[in-house]
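See below for the structure under consideration.
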Amino acid sequence: MAKTVLITGASSGIGKASARYFAEKGWNVAATMRSPEKDTEVGQNPNTKLYKLDVTDAASIQAALDAAAKDFGRIDAVVNNAGFGVDGVFEAMSDEVIRNQFDTNVFGLMRVTRAFVAYFRAQGIPGHIVQVASMGGRLAFPLYSIYHGTKWAVEGFTEALQYEVAPFGIRLKLIEPGAIKTDFYGRSRHFVKPENTSAYDAFVEKCEKVSMESGAKGEDPAVVAAAIFKAASDNGSKMRYPVGKPAPMLLRLRSLLPDRIWFGIVRSSYKI
């Protein structure tokens with residue numbers, strides 16, 4: 001019997017690539033998105049059904065889970081991919097901007113995780129919960145304070161939760177992508193800059209240049225999709241999967257170097 005995966009944020013980027021990858025590997029795919037009626041590609045994949053799901057709406061999460069479980073018989077894995085990036089000057093960020101970033105990237109991921117922990121436990125399914133975090137969940141770069149805050153939260157939340165769910169055979173996995181060519185650097189980007197001061201202008205110009213260049217050189221989302229598939233198929237104890245240059249190298253360096261040297265490397269890279 002083919003396994004089934006539910007993927008959030010499957011309309012573009014890593015989620016879209018993952019839906020295609022799992023389908024090509026013979027899995028059933030419940031591809032979820034906020035506006036499935038607008039899709040013209042993902043629903044054409046084999047073994048794939050579309051469902052409406054907004055991670056900020058707990059009712060839509062449960063409805064999508066119930067519908068997919070009914071359509072496919074059971075769900076074996078969930079990929080928590082939905083999210084977006086806020087970058088810019090923290091001083092200029094309103095409570096609303098901060099709240100929206102956390103509501104999607106952290107609280108939304110937690111809502112989906114909670115629903116699937118309950119589902120896997122009640123059904124006796126040794127399911128996999130794959131969280132799409134970031135290399136930015138274990139290191140940080142200029143202008144991404146709020147985004148990093150969400151990804152560091154996902155890392156800590158997931159590491160702690162795995163102790164609770166292990167007795168039920170539920171496995172938690174963390175995907176830590178590096179720079180990937182997605183809408184993170186384009187359509188879905190939310191950039192914030194002060195309107196009442198030019199004090200940050202020179203700093204922003206230097207940092208934004210490096211960030212955009214990194215995004216332009218990023219790897220294809222397919223490399224992350226492959227790592228997600230590997231994690232969802234892995235019954236071992238491995239939890240973290242760094243993927244996409246330069247994530248594996250930078251995460252290794254960060255674990256070895258003292259703060260002073262690491263901060264110096266980052267400052268030098270951004271010329272700040």
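General remarks:
- Against the numbered list (1) modelled with pLDDT under 95; (2) within 18 Å of the chain's Cα centre (by Cα); (3) of a type outside the set (F, W, Y), E195 comes up short only at (2).
- Taking the criterion of being over 15 Å from the mean Cα position of the chain (by Cα), part of a helix (DSSP H, G or I) and either crowded, with 22+ Cβ neighbours inside 10 Å or not small (G, A, S) (or both), the residues of the stretch 121-138 that qualify are R121, Q123.
- Verdict on G136 being within 26 Å of V243 (Cβ to Cβ) and free of Cβ contacts under 8 Å to residues at least 60 places away in the same chain: yes
- Within the stretch 28-46, the set of residues being in a loop (DSSP other than H, G, I, E, B) and either crowded, with 24+ Cβ neighbours inside 10 Å or touching a helix residue (DSSP H, G or I) at 6+ places or on another chain (Cβ under 8 Å) (or both) comprises E41, N45, P46.
- T113 being more than 25 Å from L253 (Cβ to Cβ), in contact with a strand residue (DSSP E or B) (Cβ under 8 Å, 6 or more places away or on another chain), of a type in the set (S, T, Y) and assigned to a helix (DSSP H, G or I): yes
- Qualifying residue in the stretch 81-97 (condition: within 21 Å of W27 (Cα to Cα) and assigned to a loop (DSSP other than H, G, I, E, B)): yes
- When we screen K151, K217, K173 for residues that are modelled with pLDDT under 95 and of a type in the set (D, E, K, R), the only hit is K217.
- Total residues in the stretch 209-227, condition of a type in the set (V, I, T) and over 12 Å from K16 (Cα atoms): 2
- Unmet requirement for A19, which otherwise passes all of (1) small (G, A, S); (2) touching a residue at least 24 places away in the same chain (Cβ under 8 Å); (3) over 30 Å from A140 (Cα atoms); (4) in a helix (DSSP H, G or I): (3)
- Among the candidates R99, R74, the residue that is of a type in the set (K, R) and in contact with a Ser or Thr (Cβ under 9 Å, 6 or more places away or on another chain) is uniquely R74.
- Scan of the stretch 209-241 for residues that are under 30 Å from I125 (Cβ atoms), of a type in the set (G, A, S) and loosely packed, with under 12 Cβ neighbours inside 10 Å, ordered by number: G236, S237
- Residues of the stretch 94-120 satisfying the condition of being of a type in the set (K, R), surrounded by fewer than 17 Cβ atoms within 10 Å (Cβ to Cβ) and within 18 Å of A63 (Cβ to Cβ): R114
- Those residues of the stretch 142-159 which are surrounded by fewer than 19 Cβ atoms within 10 Å (Cβ to Cβ) and within 17 Å of K238 (Cβ to Cβ), in sequence order: E159
- The listed residue being aliphatic (A, V, I, L, M), touching a helix residue (DSSP H, G or I) at 6+ places or on another chain (Cβ under 6 Å) and either assigned to a loop (DSSP other than H, G, I, E, B) or in contact (Cβ under 8 Å) with a residue 60 or more places away in the chain (or both), out of I75, I61: I75
The values are calculated or read from the model by the stated rules, or taken from the named source; none is laboratory data. Not measured: the values here are computed from a predicted model. Here the Cβ is made from the backbone with ideal geometry for all residues, glycine too, and neighbour counts use every protein chain on show.
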